[in-house]
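What follows is a single structure, written as structure tokens, with notes after it.
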Amino acid sequence: MVSFIKPNLLGSQSEYINRFVNPIQNGQHRDSNESDVRLMKRRACVLHELLSGFIDRKDYSLLKEYLPPKYEYIINVRLSDLQSRLYYIYLEKLVDKQQRLSKTKNDFKSAKLFADYQYLQKIWT
């Protein structure tokens, strides 16, 4: 974004990484020494000063009084007959499969939770 607005302000990508990214990341680690933290703070301050002239970050609170209130609605729609049958068939096969697996050693009954949810979501939609 900065390169689009002001080309070469921060130098090339490798210069930017060496000048700002690496020192800032090195100073943020739990085991960073005092000189790394000091360098991180200085480079972050320099970067902030460079960008403060043309990048103005604000949150939504400035516009909040001008925006209409937000409303959220929950709409429940019944499944069609076909969807109900597919849902029922899938759950029957899932229960049968879990019963077969429970006869063997299976400690991960919910391991397919997200995959099952995705299949059922396809039926819902």
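The values are calculated or read from the model by the stated rules, or taken from the named source; none is laboratory data. As the structure is a prediction and not an experimental result, all values here were calculated from the model. Here the Cβ positions follow ideal geometry from the backbone for every residue, glycine too, while neighbour counts run over all protein chains shown.
For region 71-87, the criterion of a residue being modelled with pLDDT of 80 or more, surrounded by 10 or more Cβ atoms within 10 Å (Cβ to Cβ) and aliphatic (A, V, I, L, M) is satisfied by at least one position. Within region 35-69, if we keep just the residues that are small (Gly, Ala, Ser) and under 28 Å from residue 18 (Cα atoms), the residue that is modelled with the lowest pLDDT turns out to be 53.
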